[in-house]
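So the structure is just underneath, and the comments pick up after that.
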Amino acid sequence: MLFILSIITSILTSYTAMELVVRARDLNGIKRASWLLGSAFNLALGIWSMHYIGILALTMPHPVEYPPLNLLLTFVLAFLLSTIPLFIVVTEKIVAFRATISGVLMGIGIGVSHSSGMSAFHEQYEFSYDPVLTLGAVLFGCICSTFAFKTFITQGSSFGGKLKSGLLLGSAISGLHYLSMLATEFVRHYDGHSEHFTPMVKTTLLGLGVETTIVMVGILLLAITKIDQKMDTQKETIQLNEQYYKSLYEQNPDTILTFDLEGRFLTANQALTSLYGYRIEDLVNKPFTPYIVKQDLEKAQSNFKKAVEGTVNAYECAIIDSEGNHRQNKVINIPIVINEKVIGVYSIIKDVTELKQAEQELLEAEAKYRSLVEHSLVGVYILQDNRMVYVNPGLCEIIGYSYEEAVTKSLDEIIHPDDINKVKNNVQRRLAGLDTTNTYQYRAIKRDRTVITLQVYGSKIMYNGKNAVIGTVIDVTEQQQNEAIIKHMAYHDQLTDLPNRNLFYKRLTELIDISTKLKSEFALLFVDLDRFKLVNDNLGHEIGDQLLIKIADKMKSCLRGSDLISRHGGDEFTILLSDSNLDTAVNLAKQILVELSKPVTLRNHEIVITPSIGMVLFPRDGVNPDTLIQHADIAMYHAKKQGSNRFQIFAEELMKHKENEIKMDMDLRRALE
């Protein structure tokens with residue numbers, strides 16, 4: 001029985017020691033040292049009791065007695081030799097081999113304590129040790145202690161880790177003792193015929209008493225550890241809550257006041273001074289009523305009374321600061337309840353003076369801009385979720401819908417079907433922040449189904465807490481029409497509505513580029529009307545103009561859809577035959593000659609006008625616009641010179657002939673001069 005109890009005692013005291021070491025590890029200074037010494041004391045009790053009670057558990061031939069001095073010396077050695085390993089375990093600065101060093105020292109300490117206890121037998125016995133078993137016992141103690149401390153270092157924060165450490169350390173203590181006892185051989189010598197005895201307590205009762213005491217001490221130390229840990233936890237919680245409350249109270253940007261049930265100031269945070277200019281000590285035990293503006297006093301007193309009755313409430317009132325200014329505030333009254341009884345009132349005061357001023361300025365600005373928008377001639381809209389949630393009267397007038405009708409219409413009902421996808425895409429780009437400054441033109445359908453062109457600008461805003469697009473709309477339908485007319489006039493002859501020289505030159509340049517890339521041919525015809533001046537001189541310019549229109553129509557009727565005819569100036573016309581060869585050009589020239597040979601009747605006048613036509617082929621007769629037009633003009637001039645009403649294909653000889661004529665003309669002029 002004593003054998004089992006001795007092992008249980010060693011394990012219990014070891015586990016208790018680990019609990020105390022965990023407690024010491026979390027502390028500093030004297031408190032840490034105290035708990036470490038307590039742990040060493042408890043472990044020394046375990047080693048000491050294991051030795052003496054373990055001996056009692058063995059069958060001895062004679063009763064065993066222990067000298068008191070030997071008992072005390074053994075305990076002191078066990079205490080000192082336990083302190084050093086425990087100190088190393090909790091000292092994190094000793095990193096390298098901390099568990100091994102502590103375990104070896106602990107095993108040696110248990111062995112030394114056992115050896116000290118065995119010295120009590122010298123007066124009764126002589127004994128010797130088996131060196132192999134003795135060394136094995138010490139090694140067993142060192143190894144178990146090492147694993148115990150290693151487990152504590154890695155898992156000591158958990159109950160399982162502390163329990164495993166206690167079991168290993170208890171095994172080291174009890175195992176070393178019983179292995180050492182097995183390694184010991186006892187010899188007793190009798191002292192003649194006379195024996196002297198000193199009265200001693202019976203060893204079995206002594207063992208049971210020591211065992212009970214050690215167990216009770218262990219249990220007591222465990223209880224003290226748990227109580228101390230709980231008290232420290234509660235103390236830390238209280239301190240933490242106090243710090244939370246102090247931080248919330250002192251660092252709060254809003255003013256926090258404490259009142260008694262009569263409405264007298266008790267305490268306040270520093271915001272009272274920084275916001276309102278009052279010193280806290282000047283307000284203590286004074287009522288709050290003198291600091292409330294007259295028109296809000298009744299409201300403030302009524303709400304304070306509600307708080308005294310236990311109801312949390314909030315209201316707005318104006319407070320007079322130290323300089324006499326009225327400051328707008330939001331006040332929350334909170335009853336202070338202790339033991340289900342209201343003992344005072346907290347008031348949390350937020351200064352909203354600047355906020356109220358900003359709200360007023362916002363209202364004024366909104367009224368100003370609303371008036372501006374409502375009376376603007378430009379359309380203004382807010383678009384959200386594919387629907388216009390606001391339109392001003394200007395936009396209503398543009399699209400022909402009333403406000404009530406407009407805000408019920410989706411984009412699909414207003415925007416032209418061919419433009420709706422482009423509009424939706426641009427709206428999404430606006431909302432995504434990818435497009436911020438561009439304006440666009442879209443076609444819209446008015447209420448009367450008229451199609452108009454709108455110039456639209458938009459930008460992203462927040463409207464009622466959601467993304468939206470706000471922008472302006474201008475009806476540019478008439479402007480666009482005027483621009484189209486101006487552009488048409490810039491590139492077309494006003495009389496015949498044919499392309500003019502500018503547009504012809506532009507298209508000729510483009511055709512040269514395309515034909516160069518494709519390595520294709522095209523023809524250019526230069527047409528001049530024969531004796532047209534006689535018509536103008538004899539029949540008048542009005543009939544001459546009408547004749548030009550008729551002739552232009554006749555020539556247009558001879559062309560393909562891809563061909564281009566322009567009025568070059570006066571009675572001259574130019575024709576572009578894209579992707580054509582010389583045969584095509586000749587056939588067209590013949591067709592024009594036939595068509596124009598037919599009489600034209602104008603105001604009872606039957607008029608026959610014949611043309612002279614010159615033609616060139618690209619790239620044979622030139623590779624740039626000016627050269628091609630010049631060569632065609634030379635060919636036309638040669639045709640006219642040959643008797644009119646004919647066509648002429650350009651050749652280099654015509655160029656030389658022209659140059660000779662020019663030279664001869666210049667020579668004649670110089671001769672006449």
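The values are calculated or read from the model by the stated rules, or taken from the named source; none is laboratory data. Keep in mind the model is a prediction, meaning the values are calculated, not measured. Cβ coordinates were reconstructed from backbone atoms using ideal geometry, including for glycine residues, and neighbour counts include every protein chain displayed. Only protein heavy atoms, including side chains, enter the accessible area calculation; ligands, DNA and RNA are left aside. Shrake-Rupley method; radii C 1.70, N 1.55, O 1.52, S 1.80 Å.
Numbers for the structure displayed
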{"item": "Longest site-free stretch - the chain; sites: chymotrypsin sites (Phe, Trp or Tyr not before Pro), DSSP loop, at most 15 other Cβ within 10 Å", "result": "198-673"}
{"item": "FRET efficiency for R449 and E366, using Cβ-Cβ distance with R0 set to 45 Å, rounded to 0.05", "result": "0.80"}
{"item": "Options G465, V476, L495, ranked by Cα towards positive dipole end of segment 444-504, top entry (Cβ charges)", "result": "G465"}
{"item": "Expected 222 nm ellipticity per residue - DSSP helices of 4 or more, -39500 (n - 2.57), all of the chain, to 500", "result": "-19000 deg cm²/dmol"}
{"item": "Estimated inter-spin distance, L69 and D385, nm [label 7 Å along Cα→Cβ]", "result": "10.1"}
{"item": "Spatial separation of Cα centroids for segment 137-179 and segment 579-606, in angstrom", "result": "123"}
{"item": "Percent carbon-and-sulfur accessible area, segment 512-630, ignoring ligands, DNA and RNA, probe 1.4 Å", "result": "50"}
{"item": "Under 29 Å from the Cα of K164 - lysines, other chains or at least 8 residues apart", "result": "K31, K93, K150, K226, K230"}
{"item": "Net lengthening on full extension, M664/L355 (0.36 nm per residue, minus Cα-Cα)", "result": "101.6 nm"}
{"item": "Pairs beyond 20 Å (Cα-Cα), from K422/K460; K446/K466; K487/K556; K299/K350", "result": "K446/K466; K487/K556"}
{"item": "Fraction of accessible area attributable to carbon and sulfur, segment 259-382 (%, probe 1.4 Å)", "result": "54"}
{"item": "Within segment 540-673: Cβ-based charge dipole about Cα centre, in debye rounded to nearest 20 (Lys, Arg +1; Asp, Glu -1)", "result": "320"}
{"item": "Cross-link reach list, aspartates and glutamates versus K641, counting only Cα pairs under 14 Å and skipping chain neighbours closer than eight places", "result": "D528, D530, D633, E661"}
{"item": "Cα-centred dipole magnitude for the chain, charges only on beta-carbon of K, R (+1) and D, E (-1), debye, nearest 20", "result": "700"}
{"item": "FRET efficiency, 1/(1 + (r/R0)^6) with R0 56 Å, evaluated for I30 and N438 via beta carbons", "result": "0.15"}
{"item": "In degrees, nearest ten, helix 98-118 long axis to first principal axis of the chain (Cα)", "result": "10"}
{"item": "Additional length obtainable on full extension of the chain from R620 to K506, 0.36 nm per residue less Cα span", "result": "39.0 nm"}
{"item": "Radius 13 Å from Cβ of F304, net charge of other residues (Lys, Arg +1; Asp, Glu -1)", "result": "-1"}
{"item": "Under 15 Å, Cβ to Cβ, from D493 - net charge with Lys/Arg +1 and Asp/Glu -1", "result": "+2"}
{"item": "Selection of GluC sites (Glu not before Pro), segment 401-475, meeting DSSP coil and at most 10 other Cβ within 10 Å", "result": "none"}
{"item": "For L577, net neighbour charge (Lys/Arg +1, Asp/Glu -1) across residues whose Cβ lies under 15 Å away", "result": "-1"}
{"item": "Computed over the chain: relative contact order in percent, which uses C-alpha pairs under 8 Å that are six or more apart", "result": "7"}
{"item": "With all protein chains modelled, accessible area of L372 [1.4 Å, Å²]", "result": "110"}
{"item": "Nearest 10 degrees, 0 to 90: helix 294-308 Cα axis against the chain principal axis", "result": "40"}
{"item": "Tensor-based shape of segment 524-654 (alpha-carbon gyration tensor, a/c under 1.5 rounded, otherwise prolate or oblate)", "result": "prolate"}
{"item": "Between helix 353-374 and the chain: long-axis angle, C-alpha atoms, 0 to 90°, nearest 10", "result": "20"}
{"item": "Projected label distance in nm at L431 and Q481, using a 7 Å step from Cα toward the beta-carbon", "result": "3.5"}
{"item": "Rough spin-label spacing in nm, given labels placed 7 Å along Cα→Cβ, for A314 and K286", "result": "2.9"}
{"item": "Cα gyration tensor shape of segment 453-532, rounded if a/c is under 1.5, else prolate or oblate by comparing a/b with b/c", "result": "oblate"}
{"item": "Difference of contour (0.36 nm per residue) and Cα-Cα distance, E242 to K409", "result": "54.0 nm"}
{"item": "Low-density loop positions, GluC sites (Glu not before Pro), segment 314-389 - DSSP coil, at most 11 other Cβ in 10 Å", "result": "E323, E340"}
{"item": "Solvent-accessible heavy-atom area per residue, rounded to whole Å², over the chain at 1.4 Å", "result": "56"}
